[in-house]
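Got a structure for you, questions after.
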Amino acid sequence: MSSTLNIMTVDAPIFNWPLIENSDQFARQMGFFAKGKYAALEYRFSVNKPFATNLTPTDAVSKQQAIAVDNNGNTRLSTAGYVEYQFFERESNLLPFKVGSYLGTRKVFNLGAGFYRAPKATRSMVNGEVDRHDIRLFSADAFLDLPIGMPEKKAALTMYSVFYNYDMGPNYLRNLGIMNLALEDQQFTGTRALAGPGNLQPMIGTGKIWYTQAGYLIPTTKEKPKARLQPFGAYSYKNFEQLQSASSQFDIGANLLLDGHHAKITGQYSTRPVYRAIGERDGSRGEFILQLHIYL
């Protein structure tokens, strides 16, 4: 449900879209969607038909070594839902997308929980016998957007924290790299990164993820400032079943808001974990991104 227009960091953490470009198309499936409000309670539910996937699982010699892959055959209907309680101001649900930062224009504090279930959506194989597994995803999150200090200074604190519990079948793991242009060096004879070349990293899998971000809109004394500065930081903890050690990574950066979210420049430095083998961590690598964001 994350909006891509007013997000605080340079991008969403991506694992918040666990089926992205796999059994969905940019986080969308075909189906029916309903949303509504009851006082401070907001809810949304859906029944969808996931897109078909057909990866072939590797034949393992034991259940401990079996690895589930996306193979839902003739897909069955998936169900999903999210419910939240809005303690302060009520957010608009005219559109289905959630605001990432209100930049101090609203006072918001929400607690929510959600789920997604797709029957027999992945498969694994042991000694030639195929097992089918349901995808079961659960999450709980909290969002705070709070003007602080003197109203004329227009300072604001934005915080978001979410916990995901993903079950996609035994040892399911998916490596993703955003705008990754790297190719395998065929002449390289050393130990390669488990995820692959470039900025590929273990992104989505059976296991648990905790993600937290926080930002501060620096106060101003001008009635109509030409630009505002919003430094931010984010932390991700991922503990996947297939990998024998968990990983921690962080993002740190700032938004130079030229016209709120309509025109801004974002600089962000991010780290990612590197694994040489299933249980062998090889530290972290980093990347710096500079983004110009404009929408009319």
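Hey, can you tell me all the residues within segment 21-44 that are closer than 24 Å to Gly207 by Cα and either touching a strand residue (DSSP E or B) at 6+ places or on another chain (Cβ under 8 Å) or in contact (Cβ under 8 Å) with a residue 24 or more places away in the chain (or both)?
Asn22, Ser23, Asp24, Gln25, Gln29 - these are the residues of segment 21-44 that are closer than 24 Å to Gly207 by Cα and either touching a strand residue (DSSP E or B) at 6+ places or on another chain (Cβ under 8 Å) or in contact (Cβ under 8 Å) with a residue 24 or more places away in the chain (or both).
Within segment 50-63, can one find any residue that is part of a loop (DSSP other than H, G, I, E, B) and on the phi > 0 side of the Ramachandran plot?
Checked segment 50-63: no residue is part of a loop (DSSP other than H, G, I, E, B) and on the phi > 0 side of the Ramachandran plot.
When the residues of segment 251-261 are narrowed to those that are part of a strand (DSSP E or B) and loosely packed, with under 15 Cβ neighbours inside 10 Å, which ends up modelled with the lowest pLDDT?
Among residues in segment 251-261 that are part of a strand (DSSP E or B) and loosely packed, with under 15 Cβ neighbours inside 10 Å, the one modelled with the lowest pLDDT is Asp259.
Could you pull out the residue among Ser92, Ser124 that is small (Gly, Ala, Ser) and modelled with pLDDT of 95 or more?
Ser124
With the condition kept exactly as written, say whether any residue in segment 140-156 is closer than 30 Å to Phe240 by Cβ and open to solvent by 70 Å² or more (accessible area, probe 1.4 Å).
no
Turning to a different aspect of this structure: Tell me the residue from Pro170, Pro225, Pro202 that is open to solvent by 30 Å² or more (accessible area, probe 1.4 Å) and in contact (Cβ under 8 Å) with a residue 12 or more places away in the chain, please.
Criteria check complete, one pass: Pro170.
While we're on this one: Could we say that Gln268 is under 23 Å from Met159 (Cβ atoms), at pLDDT 95 or above and open to solvent by less than 40 Å² (accessible area, probe 1.4 Å) here?
Against the criterion (under 23 Å from Met159 (Cβ atoms), at pLDDT 95 or above and open to solvent by less than 40 Å² (accessible area, probe 1.4 Å)), Gln268 qualifies.
Kindly indicate whether Ala66 is farther than 30 Å from Leu296 by Cβ and open to solvent by 60 Å² or more (accessible area, probe 1.4 Å).
Against the criterion (farther than 30 Å from Leu296 by Cβ and open to solvent by 60 Å² or more (accessible area, probe 1.4 Å)), Ala66 does not qualify.
Ile14 passes all but one of (1) in a strand (DSSP E or B); (2) within 12 Å of the chain's Cα centre (by Cα); (3) among the β-branched types (Val, Ile, Thr); which number fails?
(1)
For segment 236-284, how many residues meet the condition of being closer than 30 Å to Gln64 by Cβ and of a type outside the set (A, V, I, L, M, F, W, C)?
Residues in segment 236-284 being closer than 30 Å to Gln64 by Cβ and of a type outside the set (A, V, I, L, M, F, W, C): 21 in total.
Of these, Pro197, Pro219, Pro225, which one is assigned to a loop (DSSP other than H, G, I, E, B) and in contact with an Asp or Glu (Cβ under 6 Å, 6 or more places away or on another chain)?
Pro197
Suppose we filter segment 79-133 for residues that are open to solvent by less than 50 Å² (accessible area, probe 1.4 Å), charged (D, E, K, R) and either touching a Leu at 6+ places or on another chain (Cβ under 6 Å) or not in a strand (DSSP E or B) (or both); how many remain?
Residues meeting the conditions: 1.
Okay, moving on. Within segment 45-54, how many residues are open to solvent by 40 Å² or more (accessible area, probe 1.4 Å) and touching a residue at least 60 places away in the same chain (Cβ under 8 Å)?
0
Hey, Gly73 hits all of (1) modelled with pLDDT under 95; (2) open to solvent by 80 Å² or more (accessible area, probe 1.4 Å); (3) not aromatic (Phe, Trp, Tyr) but one; which does it fall short on?
Of (1) modelled with pLDDT under 95; (2) open to solvent by 80 Å² or more (accessible area, probe 1.4 Å); (3) not aromatic (Phe, Trp, Tyr), only one is false for Gly73: (2).
Specify the residue that is least open to solvent (accessible area, probe 1.4 Å); the eligible residues are those in segment 205-222 that are polar (S, T, N, Q) and within 17 Å of Asn165 (Cβ to Cβ).
Thr206
Kindly establish whether Pro50 is under 30 Å from Lys264 (Cα atoms) and in contact with a Leu (Cβ under 8 Å, 6 or more places away or on another chain).
No.
The values are calculated or read from the model by the stated rules, or taken from the named source; none is laboratory data. No experiment lies behind these values; they were computed from the predicted model shown. A quick note on method: Cβ atoms are made from the backbone with ideal geometry, for glycine too, and the neighbour counts reach across all protein chains shown. Calculation scope for accessible area: heavy atoms of the full protein, side chains included, ligands and nucleic acids excluded. Shrake-Rupley method; radii C 1.70, N 1.55, O 1.52, S 1.80 Å.
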